[in-house]
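A quick write-up on the structure given underneath.
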Amino acid sequence: MGSEGRQRASRRVALVAEELLGYVRNGLGTTTTFVAVALARMGHAVEVLYLGPSPTGPIDPEWQRLYDE
């Protein structure tokens with residue numbers, strides 16, 4: 001049997017991170033951000049718990065919009 005006819009069940013996913021794009025720009029932040037976005041676009045409910053330092057300035061509007069979605 002092929003997987004073409006099967007639908008994947010939506011999952012609830014929580015990611016815990018000290019880095020996210022728009023807050024801190026490093027490799028781990030990039031990975032966490034794009035994994036969260038990809039999972040959400042696949043239909044999963046994704047929550048990110050950010051444990052890094054509080055931003056010293058406003059978050060980039062593009063990233064804020066993406067996170068709000």
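The values are calculated or read from the model by the stated rules, or taken from the named source; none is laboratory data. Please read these numbers as outputs of a predicted model, since none were measured by experiment. Note: accessible area is taken over every heavy atom of the protein model, side chains too, but ligands, DNA and RNA are not part of it. Shrake-Rupley method; radii C 1.70, N 1.55, O 1.52, S 1.80 Å.
Selection of segment 50-66 for residues being within 15 Å of the chain's Cα centre (by Cα) and open to solvent by 70 Å² or more (accessible area, probe 1.4 Å) yields Leu51, Glu62, Arg65. One residue stands out in segment 1-26 among those that are more than 30 Å from Ile59 (Cα to Cα) and modelled with pLDDT under 85: the one that is farthest from the chain's Cα centre (by Cα), namely Met1.
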